[in-house]
Amino acid sequence: MVCCGDACVSPKESREPIRYDPNFNGPTHNRSCTDIIWLIVFILFLGAWGYVGYYSMTRGSVEKLLAPIDTKGRRCGLDSGLENKPYLIFFNIAKCLAPGTPITGCPTTQVCVEKCPTNTILLEKELRLNPSTFETLRPSMVCTDEVNIQTMTSSQALQYMQEDKCASFLISSQPVLFRCIGDLSTLQCQSSKQSTGETCVRNPAEAQKSLLNSATALDSYVGWIAASWVTFFTRENEREAHILSSQIVQDLVQSRWYLAGALVAVVIVCFIYILLLRWVVAPVVWLSIAGLLALLGFAMYVCYKNYEYYKANPVGLYQTTNLKGYAQSIFTKYSTWLVILVIVAVIFLILLLVVIFLRNRITIAIALIREGSKAVTAIKSTILFPIFPWILQCAVIAYGVLVLMYLLSIGESAFRVVNIRNDTSCSCSGVYTEEGQDCNPAKFVSVCHDTSSVGGLLPCSLASCHFTGIDNPTNVIFLHLVNLLGFFWTMFFISGIADMMLASTFSTWYWTFHKRDLPFFTLTSGIYRTLRYHLGTVAFGALIIAIVRVIRVILEYIDHKVKKFDNPISRCILCCCKCFFWCLENFLKFINKNAYIMCAVHGKNFCKSAHDAFSLLMRNIVRVVVLDKVADFIFFLSKLLISIGVGFAVYYLLEWNYVYEITKGERLHYNYVPAIILSVATYLICTIFFNVYSMAVDTLFLCFLEDCERNDGSPEKPYFMSKNLLKILGKKNKKLR
C-alpha cells in the first residue's frame, strides 16, 4: 500500500489502466479545493518572509556593501580619514576600458572624494597653456594623500600629473553606486590625448556641451560596462581597444530602434514558426536524424583514415610542456583514433537501432507535437501568457536579492589596523601597535600621524584603520535560510501556477470532441480554476522542489568552504551528494509538471494526481522516453534555427544600402555586434514561447495516454484524439449505425 497524505493506493491498482467513465468529457467542472493546508502554510510563510525583508531593511545598510575601494584598498566613507569622502573618482576612467579590466581591475589611480566634479576641466592643458591660472584651479584639483595640494606649485602639479599622483583632467560626473561616472565621448578624447601626447581637439566648452547633449550618467555607466566587456575579447593595443569600444557602444546606441523593431518581429516569427510546425515538423525530425547519422558516419570515416595513417606513419614525441604539444602527442597516436572510432561506431549503432525499432513511436511523437502546434494556434492568447508570470518572477528576484544584500549588511562594521609594521614613520602614541588590532577610524585619525611630515600632522602614508567586513549576528544565518527558501518557493510557485493554467487550457482543447466547439474563454477558465481551487496543490509541489534546491545551495556553500582543506574524501562525498540532489530535483520537476496536468484535468490533490500521472507514464514508459527526447530535440533545433536565422538576417539587413536611404541613418562600424546581441535575445524569447509549446505537448501527451486507456473507439467510447493520430495507431472511431 502506497500512501501520500490521505491518498492510499495499492500496487495492483497502480498497474491497472484507467477505466471508462461515461460522465468524463474533459476537465472536471464540479471540483473542490485541494491541499488547502499547504496554501495556508504558504501564505503564513510569505508573511514571515515579508517580515524578514522589513527586519533586514530597517537594520541593514546596503551602503556598507557598495562602498567603493580606492587604489590603496581603503573603503570610501568607512575607513579612517575617509569618513566624509564616500565617492570614488577615477583619474582616467578611459583606462578602465582596457581588455584586462574585468579580471585585474581598472588600471588607473582612484581616490575617495567628498563629491563628484560638477565641471569638466582639462587641468594639465590649462596649466601648460597658462600657468597663472593655477591658483584658480587649485581648489578643483584631486590628488592622492601624499600630495599636499595647499603647498605645491604649478610645476610640481604638472610633475604629479605625470606621475599619476594628481588627476590631469576632471569630468563632470554623477555618482553611480558611489562611483563618479562621466561622459564616454569625453573620456575617449582624453584617452587619445594621454596615450599619444597629441592635443585633444576639444576645449572645456566643447566637452561641457558634449556632456549636456549626452545621455545621463547612468547611461554612460552602462556603456562603460558594455565597452569594458567587449574589449576583454580584443587583443589590440590600448588605444585601439578604446576606439573599438567607443565604436561598438556608438553602434548599439545608433541601432537601438533597429533592435527594438527586430524584437517585435521575432515575436511574430515565433508565432508563425509554431503555426508552420504542424506541417514541417516531420521533415525537420527525419532530416535531422538522417543528418546526425550521416555526420556520425563521416566521423567514423575520418577516424578510420587517421587510424590507418598514424599506424603506417608513427610520429615522434612532442613537447608536452604546453597544452598544444600535449594535444598533439595524444592525437598522433593510432590507438587514440581507434578508441574514438569504436566510441563513435557504438553511438551510431545504438542510434540506428533506436530509430529502426522505435520509428513508429517517433511518428507518434511527431504527430503529438503537431497537435501541440494546433492547440497553441487555436488558443492564441497562450502565446503572450508567459509574460505575466515572467514579470512576477522578475519582481521576486529583485526582492530576494534586495533582502539578501540588506541581510549581509546587518551587524557592526569590523575595522582592523593594517600596514602598521610596514609604516615605520607612523606613530599612534602607543594606542595602536599590532597588525590586525581592532580599531576605530575616527580615533585612528586623531592619534596616528606621520612623524616624518612637516609638523607631524599628516596622516600615516601606509598604516590605516581598514574596514574588513561586517560581523553578522547569529540569527542572520536563520534569516538567510528563510530568505533562500522563500525565494525558491515563490519562484517555483509562480512557474507551477503558470503550468497548471496552461495544462487546464490545453486539456480542455484535447477533450473537446469537436474542436470548433471550443469555448472562447478557455484560457480564462483555466486561470479561474487554478486560482479558485488548486493554489494549495501548486504550493505543495513548489515546496518539495524548493527544499531540494535549498539543500543543493547549502551543499555548494559547504563545498566552497571545504575546498581550502583539499580533502579528497570530503570532496568525493560532496560530489556524490550534489549529483544525487541534482537528479532528485530534476525527477521531482518531472513528477510535479505531470501532477499539475492531472490535477488540472481531474481536480484531485497533489499526491493522488502525482500517483496517477506516474502510474500512467510508467505503463507507457517507452513512449514517454521517445516523446521527451524527440520533443526536446525539436524545440532546441527550432530555437537554434530561429536565433541564427534572425542574426544573419539582421546582419545582411544592416549591410543593405536601401535601409540607410530610408532611415537616413549612418552606417554602423560593426554590423555583427547588433546581430549577435539580437541572436541571444531571440533565443531567450524563443525559450519563453517554446515553454508554452512544451507544456502543450506534455499536456496533450498525458491526455493522449489516458484517451488510449479510457476509450476504445466504439460509439459509446469514442477516441478524442485527432484523425492523424488514429491513423498512425491504426485505429478509428466507429460510427453509429
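The values are calculated or read from the model by the stated rules, or taken from the named source; none is laboratory data. Quantities reported herein were computed from a predicted structural model and do not represent experimental measurements. All Cβ positions, even for glycine, are placed from backbone atoms using ideal geometry, and neighbour counts span all protein chains on display. Calculation scope for accessible area: heavy atoms of the full protein, side chains included, ligands and nucleic acids excluded. Shrake-Rupley method; radii C 1.70, N 1.55, O 1.52, S 1.80 Å.
Looking at the range 617-632, I want the residues that are in contact (Cβ under 8 Å) with a residue 40 or more places away in the chain and have a partner that is of a type in the set (Phe, Trp, Tyr) and open to solvent by 20 Å² or more (accessible area, probe 1.4 Å) with Cβ atoms under 9 Å, at least 6 apart or on another chain. Which pairs are those?
Matching pairs, first to second residue: 617/590.
Suppose we filter 451, 474 for residues that are of a type outside the set (Gly, Ala, Ser), loosely packed, with under 15 Cβ neighbours inside 10 Å and touching a residue at least 24 places away in the same chain (Cβ under 8 Å); which single one remains?
Criteria check complete, one pass: 451.
Yes/no per residue for (1) assigned to a loop (DSSP other than H, G, I, E, B); (2) without any contact (Cβ under 8 Å) to a residue 24 or more places away in the chain; (3) surrounded by 18 or more Cβ atoms within 10 Å (Cβ to Cβ):
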{"position": "392", "(1), (2), (3)": "no, no, no"}
{"position": "395", "(1), (2), (3)": "no, yes, no"}
{"position": "398", "(1), (2), (3)": "no, yes, no"}
{"position": "402", "(1), (2), (3)": "no, no, no"}
{"position": "410", "(1), (2), (3)": "yes, no, yes"}
{"position": "413", "(1), (2), (3)": "no, no, no"}
{"position": "422", "(1), (2), (3)": "yes, no, no"}
{"position": "430", "(1), (2), (3)": "yes, yes, no"}
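Look through 592, 605 and report the one residue that is farther than 18 Å from residue 489 by Cβ and polar (S, T, N, Q).
On inspection, the qualifying residue turns out to be 605.
Test residue 591 against the criterion of being without any contact (Cβ under 8 Å) to a residue 24 or more places away in the chain and either closer than 29 Å to residue 359 by Cα or more than 22 Å from the chain's Cα centre (by Cα) (or both), and give yes or no.
Spelling it out, residue 591 is indeed without any contact (Cβ under 8 Å) to a residue 24 or more places away in the chain and either closer than 29 Å to residue 359 by Cα or more than 22 Å from the chain's Cα centre (by Cα) (or both).
Please identify the pairs in which a residue from the range 58-83 that is farther than 25 Å from residue 476 by Cα has its Cβ atom under 7 Å from the Cβ atom of a residue that is among the hydroxyl-bearing types (Ser, Thr, Tyr), counting only partners at least 6 apart or on another chain.
From the range 58-83, the pairs are 71/109; 74/464; 76/87; 80/464.
Take residue 375 and tell me if it is open to solvent by less than 70 Å² (accessible area, probe 1.4 Å) and farther than 23 Å from residue 267 by Cβ.
no
Being outside any helix (DSSP H, G or I) and open to solvent by 40 Å² or more (accessible area, probe 1.4 Å) is the filter here, so list the residues in the range 332-357 that pass it.
Within the range 332-357, just 333 meets the criteria.
Only one of 675, 696 is in contact with a helix residue (DSSP H, G or I) (Cβ under 6 Å, 6 or more places away or on another chain), over 26 Å from residue 626 (Cα atoms) and either in a helix (DSSP H, G or I) or open to solvent by 40 Å² or more (accessible area, probe 1.4 Å) (or both). Can you tell me which?
675
Name the single residue, out of those in the range 556-599 being more than 17 Å from residue 546 (Cα to Cα) and of a type in the set (D, E, K, R), that is most open to solvent (accessible area, probe 1.4 Å).
Taking the candidates together, the pick is 564.
Looking only at the range 127-159, which residues are touching a residue at least 40 places away in the same chain (Cβ under 8 Å) and open to solvent by 30 Å² or more (accessible area, probe 1.4 Å)?
145, 146, 148
Of the conditions (1) modelled with pLDDT of 80 or more; (2) open to solvent by less than 20 Å² (accessible area, probe 1.4 Å), residue 96 satisfies every one except a single condition; which number is it?
It is condition (1) that residue 96 fails.
If we scan the range 441-449, do we find a residue that is part of a loop (DSSP other than H, G, I, E, B) and over 30 Å from residue 55 (Cα atoms)?
Within the range 441-449, one or more residues are part of a loop (DSSP other than H, G, I, E, B) and over 30 Å from residue 55 (Cα atoms).
Which residues, counting only those in the range 492-543, are within 22 Å of residue 377 (Cα to Cα) and in a loop (DSSP other than H, G, I, E, B)?
511, 512, 513, 514, 518, 519, 520, 521
Out of the range 521-559, which residues are of a type in the set (Lys, Arg) and within 29 Å of the chain's Cα centre (by Cα)?
Those that are of a type in the set (Lys, Arg) and within 29 Å of the chain's Cα centre (by Cα): 549, 552.
Please find, within the range 610-653, the residue that is nearest to residue 260 (Cα to Cα) out of those that are assigned to a helix (DSSP H, G or I) and polar (S, T, N, Q).
Residue satisfying both the conditions and the ranking: 643.
Look through the range 649-696, keep the residues that are among the aromatic types (Phe, Trp, Tyr) and within 24 Å of the chain's Cα centre (by Cα), and return whichever of them is modelled with the lowest pLDDT.
672
Name the residues in the range 603-619 that are out of contact with any Cys (no Cβ under 8 Å at 6 or more places or on another chain) and either open to solvent by 40 Å² or more (accessible area, probe 1.4 Å) or over 18 Å from residue 502 (Cα atoms) (or both), would you?
If the condition is that a residue be out of contact with any Cys (no Cβ under 8 Å at 6 or more places or on another chain) and either open to solvent by 40 Å² or more (accessible area, probe 1.4 Å) or over 18 Å from residue 502 (Cα atoms) (or both), then 604, 612, 614, 615, 616, 617, 618, 619 are the ones that fit.
Here are some residues: 224, 229. Which one is modelled with pLDDT under 80, open to solvent by 80 Å² or more (accessible area, probe 1.4 Å) and over 30 Å from residue 338 (Cα atoms)?
Residue meeting the stated conditions: 229.
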